[in-house]
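These notes concern the structure reproduced below.
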Amino acid sequence: MVWRRSASHLVTRLGLGVMRLLAFMPLSWVRVLGTLLGWLLYAVVSPRRHVVTTNLRLCFPELSPARRRQLVRQSFVYFAQTWLDRSWLWHAPREVLQRRLRLHGALHEFDGATPTIVLSPHFYGLDAGGTAVNMSVDREITSIYTQQANPQIDAWIKAGRLRFGRVRLYQRLDGVKDNLSALRAGGLLYLLPDMDFGANGAVFVPFYGVPAATVPSVARFARLGRAKVVAVVPRITRTGYDIEVMPAWDNFPSGDLMADTARVNQHLQGYIDTMPAQYYWVHKRFKTRPVGQPSVY
């Protein structure tokens, strides 16, 4: 057991060392390595390939099998490329990031001190989007963080996400008090509400027409924090990332928790439709089923 822990510790250190080296390579080289890694993962990680295929079949039933297979392959490539991009996001000099991250859109939504929820959907480039906002917005920012099982990886991810700006991370198990207090004080709160965290506290609302267990945190925080909701949508490009800040949603929340949570998914679908291969389909989005319904995986 001690030997296994030592071996795991060594492999992690080597992996993080490689990421630090990649930070200083040309982006085109990093992307080629990501493409090769994505093809490898697509070929050998069959259980996760099945998850991606199932998600796309449920959400895009109108697509031909050939088109879905193409999206599955693209999804694995984007997954690998954006993972390797964390090398330069978290280790390259600021001026490199300023060249590669293009933040645009409704940037005025971050002006002033209005409590603001930053809706950050799980696109593969979400860390690029978060880094761009952290570098550009001079306001207190909080986010909910899920601790990683590997302490070295956990420390690396935290350091990367805290690298720029005035950011604080709170664990999901800590509750909502600190996040809500910071939001009410005029801060920004990152929310990533589009994962399946189980039935506890979730409601079932449609996601591409399929009932999906969805945490209604966006509507609840918006109501309790008297906050507006601004989505940030990152898109991987040949030269880095295009990160668009969307205008604040009108008439949200409405007071109807189910309707508001369904509206979150409707907005998300609109963003995904513009780049379907870049969404985080490797996650079992429909893992939790309504009572009596069988597993889709």
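Okay, here's what the table says:
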read-out	value
Complete set of residues in the stretch 162-192 that are basic (Lys, Arg) and in contact with an Asp or Glu (Cβ under 7 Å, 6 or more places away or on another chain)	Arg166
For His9: the one exception among (1) within 17 Å of Gly125 (Cα to Cα); (2) surrounded by 12 or more Cβ atoms within 10 Å (Cβ to Cβ)	(1)
Residue list for the stretch 144-169, restricted to those being more than 18 Å from Ala132 (Cβ to Cβ), part of a helix (DSSP H, G or I) and not aromatic (Phe, Trp, Tyr)	Pro151, Gln152, Ile153, Asp154, Ala155, Lys158
First in the stretch 231-259 and over 30 Å from Thr35 (Cβ atoms) and at pLDDT 95 or above, second anywhere and among the hydrophobic types (A, V, I, L, M, F, W, C) and in a loop (DSSP other than H, G, I, E, B), Cβ under 8 Å, 6 or more apart	Pro247/Ala106; Ala248/Ala106
Breaking point among (1) more than 20 Å from Leu27 (Cα to Cα); (2) modelled with pLDDT of 95 or more, for Thr142	(2)
Leu224 vs. criteria assigned to a helix (DSSP H, G or I), within 16 Å of the chain's Cα centre (by Cα) and either among the hydroxyl-bearing types (Ser, Thr, Tyr) or over 30 Å from Met25 (Cα atoms) (or both)	no
Residue match in the stretch 52-60 (condition: surrounded by fewer than 20 Cβ atoms within 10 Å (Cβ to Cβ), within 30 Å of Arg289 (Cβ to Cβ), free of Cβ contacts under 8 Å to residues at least 24 places away in the same chain and in contact with a Ser or Thr (Cβ under 9 Å, 6 or more places away or on another chain))	no
Selection status of Gly186, surrounded by fewer than 17 Cβ atoms within 10 Å (Cβ to Cβ), over 17 Å from the mean Cα position of the chain (by Cα), over 23 Å from Arg285 (Cα atoms) and touching a residue at least 60 places away in the same chain (Cβ under 8 Å)	yes
Test: Ala219 is part of a helix (DSSP H, G or I) and modelled with pLDDT of 95 or more	yes
Residue match in the stretch 119-130 (condition: closer than 22 Å to Val229 by Cβ, polar (S, T, N, Q) and in contact (Cβ under 8 Å) with a residue 24 or more places away in the chain)	yes
Candidates Arg86, Arg48, filtered to the one that is within 16 Å of Phe286 (Cβ to Cβ), under 20 Å from the mean Cα position of the chain (by Cα), crowded, with 17+ Cβ neighbours inside 10 Å and among the basic types (Lys, Arg)	Arg48
Thr114 vs. criteria hydroxyl-bearing (Ser, Thr, Tyr), within 30 Å of Lys228 (Cβ to Cβ) and under 17 Å from the mean Cα position of the chain (by Cα)	no
Unmet requirement for Gly292, which otherwise passes all of (1) farther than 30 Å from Val96 by Cβ; (2) buried (at least 18 other Cβ atoms within 10 Å of the Cβ)	(2)
Qualifying positions in the stretch 197-212 - in contact with an Asp or Glu (Cβ under 9 Å, 6 or more places away or on another chain) and not in a strand (DSSP E or B)	Ala202
Scope the stretch 131-161; condition under 30 Å from Glu109 (Cβ atoms) and among the β-branched types (Val, Ile, Thr); matching residues	Thr131, Val133, Val137, Ile141, Thr142, Ile144, Thr146, Ile157
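Rundown of residues vs (1) buried (at least 18 other Cβ atoms within 10 Å of the Cβ); (2) more than 29 Å from Met275 (Cβ to Cβ), yes/no style:
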site	(1), (2)
Gln152	no, yes
Ala182	yes, yes
Pro193	yes, no
Val205	yes, no
Arg226	no, yes
Ala231	yes, no
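The values are calculated or read from the model by the stated rules, or taken from the named source; none is laboratory data. Everything numeric here is computed off the predicted structure, so don't read it as measured data. Please note: Cβ atoms are built from the backbone with ideal geometry, for glycine as well, and neighbour counts cover all protein chains shown.
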